[in-house]
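The values are calculated or read from the model by the stated rules, or taken from the named source; none is laboratory data. Values in this document were obtained by computation on a predicted structure and should not be read as measured data. Backbone-built Cβ (ideal geometry, glycine too); neighbour counts: all protein chains shown. Remember, those area values only see protein heavy atoms, side chains included, never the ligands or the DNA or RNA. Shrake-Rupley method; radii C 1.70, N 1.55, O 1.52, S 1.80 Å.
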Amino acid sequence: MFENLQDRLGSILNGLTGRGALSEADVSAALREVRRALLEADVALDVVRSFTDRVREKAVGAEILKSIKPGQMVVKIVHDELIEMLGGEGVGIDLHAPAPVVVMMVGLQGSGKTTTTAKIAHRLSTREKKKVLMASLDTRRPAAQEQLRQLGAQASIDTLPVISGQSPTDIAARAVQAAKLGGHDVVILDTAGRTHIDEPLMVEMADIKKRSNPHEILLVADSLTGQDAVNLARNFDERVGITGLVLTRMDGDGRGGAALSMRAVTGKPIKLIGVGEKMSELEEFHPRRIADRILGMGDIVSLVERAAENIDAEKAAAMAAKMAKGKFDLDDLADQLRQMQKMGGMGGIMGMMPGMAGMKDKMAAAGLDDKLFGRQIAIIQSMTKAERANPDLLKHSRKKRIAAGSGTDAAAINKLLKMHRQMADMMKMMGGKGKGGMMKQMMSGLAGKMGLGGGMPDLSNIDPRQLEALQKQAEAAGLGKPGGGMPGLGGLPGGLPGLGGAKLPGLGGGFPGLPGLPKKK
């Protein structure tokens, strides 16, 4: 979503950090470029103006211009103001009210209200163990009520039975009553939308609000609509009074300006973001983490959380046992590749690692895209069980059969086998005695640079507050700076196979299968 903005701001700020001293003219020139980059990303003009004014006010002080590393200080100021513009601290859905807590979903037609309603219900029932009732108040759009019923059945969430002929306000009142009688903790009202804002829509929203007395009114907006989304948020807030925003399609290739503008214009927090089509692809909005990603500083906390959600604890334990013996076959390699796919592929992982945001273009140029994973998995699946367990069996005739079965060629199979050999050697080093293996040494180097004398903490027992502290320590140690690299890997940018520098065979070896990471309950 923020890739264009990330590239532009990254190059502007990198130009500043490379300078020994900064004049007021340098800062002004950089801020002109920042202003242009934000406007191109569809951020509202008044938001851009106030943002650059605040940065200039702080950056042109004598204490900045004479500081030891003024360029880095300006980056920090831009980072802090970006967090402030996005809302400071993350805010979740507020359920502190007598049950049933009424959540009202509003927005235009086609913004993804019905799907988002089901995603929120699924999130509340699985993560917070709440009993949720969903009710469709959309009597105009054909099959809208049936769509919500099917989504409810798919996610095992209760939906209000449809009674034809009822008005939206009557359905809202019946939903609240049914939730009270059914012992539900939360009732989510999926209201009707229009193709544009009009008076009848606003009157209907106000009537529903009066009848159901919602504790939360969430505006669902498509993040790809740009400037229009800002006007939409302002109008809904003035007429109905929203308590928060949910942005959909944040996985798209839009410019992201709506996300940056809506919070600043309405003063209402962005509570959740939709990052895909699946029920589980709804995330809390963390301003600090988004700001880190935009400025190419990575997002280790979200990466660890994503790993904890996607990694199978039993498989990770089995992998750890095999690694201890120095064993690593092609089935293990296929598991690693699948786990990386689940975590968002190479691009998704690299975007969250400090100093790695600029690697995507280099990787694409080297042919290391996410389609490569699919091809490699297809090659492994075209082998027999014996071949996967013992790659030395693969002579010319077998390779010819595998190439035909996977739709690839002998060169692709040879590349895969070379990658596997490198990873198998790495696993032996990790499982070796002496200094505790390569992974331990790498982690010790990382810990030392972050000032953690006792080494890296055990990720299986770490809580979110510790993760946040870990992220801050990484930033303080310079790991959060664009191009900062990772210690122990020769400054990882440039350290991928075929790109020179210190190598991580197989794009990070066992990284997604880090043993000790729990699967979220």
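Take the conditions (1) under 19 Å from ASP42 (Cα atoms); (2) modelled with pLDDT of 85 or more; LYS271 misses just one of them, which is (1).
In segment 385-396, the residues that are under 16 Å from ALA411 (Cα atoms) and open to solvent by less than 60 Å² (accessible area, probe 1.4 Å) reach residues that are assigned to a helix (DSSP H, G or I) and not hydrophobic (A, V, I, L, M, F, W, C) with C-beta atoms within less than 9 angstrom, at least six apart or across chains, in these pairs: PRO391/HIS420; PRO391/ARG421; LEU394/GLU387. Restricting ILE208, ILE217, ILE290, ILE188 to those that are within 26 Å of THR126 (Cα to Cα), open to solvent by less than 40 Å² (accessible area, probe 1.4 Å), assigned to a helix (DSSP H, G or I) and out of contact with any His (no Cβ under 8 Å at 6 or more places or on another chain) reduces the list to ILE290. The residues in segment 48-68 that are surrounded by 15 or more Cβ atoms within 10 Å (Cβ to Cβ) and modelled with pLDDT under 80 can be counted, and the count is 5.
For segment 26-47, the condition of being open to solvent by 60 Å² or more (accessible area, probe 1.4 Å), modelled with pLDDT of 80 or more and under 12 Å from VAL78 (Cα atoms) holds for at least one residue. Only residues that are surrounded by fewer than 21 Cβ atoms within 10 Å (Cβ to Cβ) and either more than 20 Å from GLY241 (Cα to Cα) or in contact with a His (Cβ under 6 Å, 6 or more places away or on another chain) (or both) were counted in segment 89-101, giving 5. Quick check, is GLN422 surrounded by fewer than 17 Cβ atoms within 10 Å (Cβ to Cβ) and either in a helix (DSSP H, G or I) or charged (D, E, K, R) (or both)? Here the answer is yes, as GLN422 does meet what is asked. Take the conditions (1) in a helix (DSSP H, G or I); (2) modelled with pLDDT of 70 or more; ASP251 misses just one of them, which is (1).
Looking at MET73, is it open to solvent by 40 Å² or more (accessible area, probe 1.4 Å), at pLDDT 75 or above, under 21 Å from ARG288 (Cβ atoms) and of a type in the set (A, V, I, L, M)? Quick ask: steps written out before the conclusion?
Numbers: open to solvent by 40 Å² or more (accessible area, probe 1.4 Å): yes; at pLDDT 75 or above: yes; under 21 Å from ARG288 (Cβ atoms): yes; of a type in the set (A, V, I, L, M): yes.
So MET73 fits the description; yes.
Pairs are defined by a Cβ separation below 8 Å, a sequence spacing of at least 6 or placement on different chains, a first member in segment 217-241 that is on the phi > 0 side of the Ramachandran plot, and a second member that is open to solvent by 70 Å² or more (accessible area, probe 1.4 Å) and modelled with pLDDT of 85 or more; the pairs so defined are GLY241/LYS209.
For (1) open to solvent by 70 Å² or more (accessible area, probe 1.4 Å); (2) under 25 Å from LYS271 (Cα atoms); (3) not charged (D, E, K, R), each residue gets a yes or a no:
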{"residue": "LYS113", "(1), (2), (3)": "no, yes, no"}
{"residue": "THR117", "(1), (2), (3)": "no, yes, yes"}
{"residue": "ARG127", "(1), (2), (3)": "yes, yes, no"}
{"residue": "SER156", "(1), (2), (3)": "yes, yes, yes"}
{"residue": "PRO161", "(1), (2), (3)": "yes, no, yes"}
{"residue": "SER164", "(1), (2), (3)": "yes, no, yes"}
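Taking residues in segment 325-346 that are modelled with pLDDT of 80 or more, and partners anywhere that are part of a loop (DSSP other than H, G, I, E, B), the pairs with Cβ atoms closer than 7 Å and at least 6 places apart or on different chains are LEU330/MET383; GLN336/GLY510.
Return a yes/no flag: does segment 400-407 have any residue that is modelled with pLDDT of 75 or more and either in contact with a Phe, Trp or Tyr (Cβ under 6 Å, 6 or more places away or on another chain) or surrounded by 18 or more Cβ atoms within 10 Å (Cβ to Cβ) (or both). Yes, because at least one residue in segment 400-407 is modelled with pLDDT of 75 or more and either in contact with a Phe, Trp or Tyr (Cβ under 6 Å, 6 or more places away or on another chain) or surrounded by 18 or more Cβ atoms within 10 Å (Cβ to Cβ) (or both).
Total residues in segment 425-442 satisfying the condition of being modelled with pLDDT under 65, open to solvent by less than 80 Å² (accessible area, probe 1.4 Å) and on the phi < 0 side of the Ramachandran plot: the figure is 6.
Any idea which of GLU283, GLU199, GLU277 is open to solvent by 40 Å² or more (accessible area, probe 1.4 Å) and farther than 28 Å from LYS130 by Cα?
Matching residue, one of GLU283, GLU199, GLU277: GLU199.
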